[in-house]
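Read the structure below first, then the notes.
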Amino acid sequence: MGGQILPYKQDNAVALLLYRDDKGGRVTVYLRAGEHGQTRLHSARLDDTLVFYWLDSRCGYVVAAAPDLERLSNIAKAVYDYFERPSDDGARL
C-alpha cells in the first residue's frame with residue numbers, strides 16, 4: 001500500500017510501511033532508528049490487534065495486524081530475520 005518516513009528526533013527516523021494481501025488483510029511495519037538495547041521477539045495483543053516487537057542495538061521494530069497468530073508470526077519472523085541477519089555491505093536501515 002505504501003510507506004512514509006515520519007519526523008522523529010533530529011538524527012533519528014521513523015518508517016511506517018503498510019501492506020495489504022490479496023484477501024484485503026493489512027499488516028503494518030513500524031521501524032524507529034535510534035533505539036538502544038537488545039530484546040528478543042515479543043508478542044502482545046492490543047484489543048483486536050496482534051503485535052510482534054523487538055529492539056536491536058540501533059532500531060525498534062513493530063509488526064502489527066488483525067489477529068491471525070500463525071500468519072502474523074510468520075511475517076514478524078521474516079522481518080526479524082531480514083533485519084537481524086548480517087548484510088554484505090553493513091547497511092540495513
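Over the chain, what percent of the accessible surface lies on carbon and sulfur atoms, probe 1.4 Å?
Details: 3220 of 6320 Å².
Of all accessible area on the chain, carbon and sulfur atoms account for 51 percent.
Taking 0.36 nm per residue of sequence separation and subtracting the Cα-Cα distance, how much length would be gained by fully extending the chain between S43 and K23, in nm to one decimal? Before the final figure, lay out the partial values.
Values: separation 20, 0.36 × 20 = 7.20 nm, distance 2.36 nm.
Stretched fully, the S43-K23 segment lengthens by 4.8 nm.
Counting heavy atoms of the protein chains only and a 1.4 Å probe, report the per residue accessible area for segment 38-85 as a whole number of Å².
Details: 2840 Å² over 48 residues.
About 59 Å² of surface per residue is accessible.
Calculated mean residue ellipticity at 222 nm for the chain: -5500 deg cm²/dmol, from DSSP H runs with n ≥ 4 weighted as -39500 (n - 2.57), summed, divided by the residue count and rounded to 500.
The values are calculated or read from the model by the stated rules, or taken from the named source; none is laboratory data. Note that the structure is predicted; figures quoted are calculated from it, not measured. All accessible areas refer to the heavy atoms of the entire protein, side chains included, with ligands and DNA or RNA removed. Shrake-Rupley method; radii C 1.70, N 1.55, O 1.52, S 1.80 Å.
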